[in-house]
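J.: Structure in structure tokens, see below.
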């Protein structure tokens, strides 16, 4: 019997504040035998520059396009 592969879970949340302003929160987890452990996390920071916020919007739009393509073709 082969050992069970490591299970990694990942979640990202994009919040669009305006058409060119967005923030991100992301977290990754790993499954342990009796629990789920946080592996790493990212949160947008207060005072980020405008380009960083525009990049969050681009990432959100890219995620949405990829997700809807994967689900609906």
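Rule-based calculations on the coordinates, nothing more; no lab input. Everything quoted here is computed from the prediction, not taken from an experiment.
J.: Using the Kirkwood radius over C-alpha pairs as Rh, can you work out the diffusion coefficient of the chain via Stokes-Einstein at 4 °C, viscosity 1.567 mPa s, in µm² per second? All intermediate terms of the calculation are to be shown ahead of the outcome.
T.: Working: Rh = 14.3 Å.
Estimated via Stokes-Einstein, D reaches 90 µm²/s.
J.: Continuing with the same structure: Under the definition of Cα pairs under 8 Å and six or more residues apart, what whole-number percent is the relative contact order of the chain?
T.: Details: 89 pairs, mean separation 19.5, N = 73.
RCO, the chain: 27 percent.
J.: Would you kindly state how much longer the chain becomes between residue 20 and residue 41 on full extension, computed as 0.36 nm times their sequence separation minus their alpha carbon distance, in nm to one decimal? Provide the component values of the computation, followed by the final result.
T.: Working: separation 21, 0.36 × 21 = 7.56 nm, distance 2.35 nm.
Using 0.36 nm per residue and subtracting the Cα-Cα distance, I get 5.2 nm.
J.: From the helices alone, meaning DSSP H stretches of at least four residues, give me the mean residue ellipticity at 222 nm for the chain, per-run term -39500 (n - 2.57), in deg cm²/dmol to the nearest 500.
T.: On the way: 1 runs with 23 residues, N = 73.
Computed ellipticity for the chain at 222 nm equals -11000 deg cm²/dmol.
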